[in-house]
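Before any comments, here is the structure.
The values are calculated or read from the model by the stated rules, or taken from the named source; none is laboratory data. Keep in mind it's a predicted model, so treat the numbers as computed, not measured. All Cβ positions, glycine included, derive from the backbone under ideal geometry; neighbour counts span all protein chains shown. For the accessible areas, the whole protein counts, side chains as well, though only heavy atoms, and no ligand, DNA or RNA atoms are used. Shrake-Rupley method; radii C 1.70, N 1.55, O 1.52, S 1.80 Å.
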Amino acid sequence: MTPRVIRICCVLLLSCHFIWAQEKAAQIDSLHLALQAAKNPTDEATIIRDLAKSYMEVNLDSSIVLYKRLEDIADALKDEEMKARAHFGYAWVYDHKTRFDSVQHYLKLAEPMIDPKEDYDLHSTYLILEGRRALGLAEYEASEEIFLGAINYIESEGNKPDLAICYNNLAVIYDYLGQFEKAINMHILSANIAEEFGDVNGVAKSYNNIGLVHHSLKEYDKAKEYFLKSIALKKEVGNIVGTVSSYHNLGNVYRRHGIKLLSMEKLDTAKMYYQNALRLSEESNYDRGVTISYINLALINTTVEEFDEGIRYGKLALKRAEELNDMNSMMTASINLGDTYQFKKEYEEAEKYLVQGLDIATRIKDVNIRRRTMYLLSRLHQRQGNYKEALSYYKARVALSDSVASVDVKNKVNELETKYQTEKKEKEILTQRAELAEKDLQVRRKNTWIFGGFGLALVLGLLGYLLFNQQKLKNRQLKKEGELKAALAKIETQNKLQEQRLRISRDLHDNIGSQLTFVTSSVDNLKFKMKGGDEKVTEKLGAISEFTTQTIYELRDTIWAMNKTEISFEDLQARIANFMDKAGGASDRVVFNFNVADGISKETELTSIQGMNVYRIIQEAVNNALKYAEASEIDVALSKTNDEEMVVRITDNGKGFDMDTVERGNGLANMKKRARDLNGGVEVTSEVGKGTKVNLQFKYGK
Amino acid sequence: MKVVTGIPILLVVSVASICLFMIGLFRFQNHRLQQVFLNRTQRINEMITQHSHQIQYREKGLNAYDFLLRNLKEALRIQKDIEL
């Protein structure tokens, strides 16, 4: 880069600074207007916080005044959270001023007001400030521990911007500790988060830090490129502190590069950047920026052998650092002053400042600086001819280097041991996990078999139950169907039998019945033609005709009885009564009596043959009484001896007959035959002049 | 609790599906059997009723037979509906 280009860049950067300053002023003015228009203390507090933050980048004292106002409002409202925020505001301001004792004071005040479980925002701010305080006091290990703890806490809440701040600070710590790889990793993590959230300031910080790493790796051009990018971004967002820091870093790169190339142009450019940083720091009351600017200006003046100017800046830096209790700056300023005095060959002053620097380095446990200071002291004494002292510092330096090396080796061994142990444990854990997984798999397989068996049993059980139910249903249906079929078969058979009987009956009636009728009518004709002839023949013919007629009646009765299965007693009684009425109508001089005993139920059932035979016996007896006995009274009585025997009695008061002398006719024989059919007996008793009694007795029912 | 969560969901779903399918299938079959049975029994009942009516019809005729008038021919009624 030519001096012309550098000058142009400087002009551009200053122009940007001017523009940025204008924008910042406009923002602050608008916040002031809003503050005047605030309607209630809560709104006022919110605006004050924003205003204080804005002032923090341009005027730290104004921020302090505003945070005091915020604290007053918090006291008036008795708002603990607001008060904690005011304390954190103070802490941030004093962090920028590198007044770390004040930072610690305000953090202690704020700590009891925070509940880490509830006030996430406040607690994460507290951790970051505490880490930065330790970093500012060069307590790198403590600071690293705090930031690692903060990362754990913030990761659990997932606030990535806060996480980026932690990564950035950790990267700075690792950079100080010479662990560049870790530093780069942290910067990458931070830059990724910043890009993800569009945080320009965060990206600028990361560029700055990446530039620092390149600087450490002596990649000067890349370092310059990143610092210039960082400065441009920081100006864009109005970050004065960051801009000052990047100016210093850019100056450092040019200084180192100039020394390496023995280029006065680069050294002049470095000085110019340091002066820019000083001016900006002074304008914005950024104390630490002023101190560091003095240190760097002292260094660059010494480098270009302007020792008086170097001593002047060195003393200004030391004074400022002492005022701020900034140990790091005090140490650096002292050592640089000692070195400058050495070059000026003012050895006493040089020793004084170098010893002071060595003390501070010992106090803050900065081994590298101690080694460097011991080297300078050894060289100083050597130049003075104090070889004993020179040797003493040389030995101390070698011993320190050895101890450092030994500590390094030990650390490396420990690190390797830790790695080995960790890997071993990881392997063991992996083996245990594999075993557990195997056991788990076995258990799962076993469970699968057991539950599979249960499932199968359930399915089979259900299948059995369903089949059993279906079979039961089928059996029930078959049984019922069988019963119905049996009933159908029975009724069908019954019907068929009746049909057969009916056909036979019809045949008998139509054929034999008509033939017998023909015989009767033929005999009657014959008997009519032979009228006046042989009386015996005529009488015989009459008997044949009567017999044939009787046969026809009996044939019809048989046919009827064959078709009829049963007859009720009521029906039989009606038919007998009907017959008696008709007989009475035919013979006016005869009195007919018909009695039925009370003991006989009307529902009593007789077979059709029983009914027919009873009816015929009564009919025969009554006809005989009418025809032969010349009776004036005929009685028919039905009674029963017990539940199964019925007695039918037909009596008349006619002339009677001598049972020994009268020739028995067909009528009596017929009655006896019918009585036998009834499984009973008929008894006919008669005396001349005393009437006749016919007594029928039979067992009735099926 | 671990045992319960260890049951493969596929197994449970399969068993439940098979059970539901079987229950459905058997319900359908039983319903069909019942329908067939009802049809058959209805037919048998109809036949029984027909025979019964026929017997009653003939019985009515025979009851009407009068011994005195002896008009048996009218009482002997022929089957009307059933071909035996």
In the A-B interface, the accessible area buried, summed over both sides, Å² (probe 1.4 Å): 4700 Å²
In Å², nearest 10: area of A:MET530 left accessible to a 1.4 Å probe: 60 Å²
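Over the Cα atoms of the protein assembly as shown, what is the Rg over Rh ratio if Rh follows Kirkwood?
1.74
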Accessible area, probe 1.4 Å, largest first, for residues A:TRP92, A:TRP449, A:TRP560: A:TRP449, A:TRP92, A:TRP560
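Below 8 Å between Cα atoms, with a sequence gap of 6+, how large is the relative contact order for chain A in percent?
5 percent
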A:GLU539 versus A:LEU148: modelled label distance in nm, points set 7 Å from Cα along the beta carbon direction: 16.1 nm
Rounded, prolate or oblate (a/c below 1.5 giving rounded, otherwise prolate when a/b exceeds b/c) for the stretch A:513-591 by Cα gyration tensor: oblate
Cleavage-rule hits (chymotrypsin sites (Phe, Trp or Tyr not before Pro)) in the stretch A:170-249: DSSP loop, at most 15 neighbouring Cβ within 10 angstrom: A:PHE197
A:ASN475-A:ASP268 pseudo-label distance in nm [points 7 Å out on the Cα-to-Cβ vector]: 12.1 nm
Karplus (6.51, -1.76, 1.60) ³J(HN,Hα), θ = phi - 60°, over the stretch A:429-437, in Hz, Gly and Pro reported as x: 4, 4, 4, 4, 4, 4, 5, 4, 4
The stretch A:226-318: GluC sites (Glu not before Pro) in DSSP coil with no more than 11 other Cβ atoms inside 10 Å: A:GLU305
Nearest-10 value in Å² for the accessible area of B:MET47, using the 1.4 Å probe: 70 Å²
Ranking by accessible area, most exposed first, for A:VAL103, A:VAL682 with a 1.4 Å probe: A:VAL682, A:VAL103
Carbon plus sulfur fraction of accessible area for the stretch A:38-113, probe 1.4 Å, in percent: 47 percent
Accessible surface of A:HIS257 - all protein chains present, 1.4 Å probe, nearest 10 Å²: 20 Å²
Solution diffusion estimate, µm²/s, Stokes-Einstein, the stretch A:420-563, Kirkwood Rh from C-alpha pairs, 37 °C, viscosity 0.692 mPa s: 131 µm²/s
Diffusion coefficient, µm² s⁻¹, Stokes-Einstein with Kirkwood Rh over alpha-carbon pairs of the stretch A:38-113 at 25 °C and 0.890 mPa s: 201 µm²/s
Loop sites in the stretch A:141-238: trypsin sites (Lys or Arg not before Pro), DSSP, at most 13 other Cβ within 10 Å: A:LYS218
By accessible area with a 1.4 Å probe, ligands and nucleic acids excluded, highest first: order of A:PHE698, A:PHE528, A:PHE547: A:PHE528, A:PHE547, A:PHE698
Value at 222 nm in deg cm²/dmol, rounded to 500, when DSSP H runs of n ≥ 4 in chain A each add -39,500 (n - 2.57): -27000 deg cm²/dmol
Distance from the stretch A:540-563 to the stretch A:343-398 (C-alpha centre basis), Å: 172 Å
Across A:LYS224/A:LYS271; A:LYS627/A:LYS693; A:LYS260/A:LYS344; A:LYS68/A:LYS319, pairs whose alpha-carbon gap is larger than 18 Å: A:LYS260/A:LYS344; A:LYS68/A:LYS319
Taking only Cα atoms of the stretch A:565-699, radius of gyration then Dmax in Å: 14.4, 43
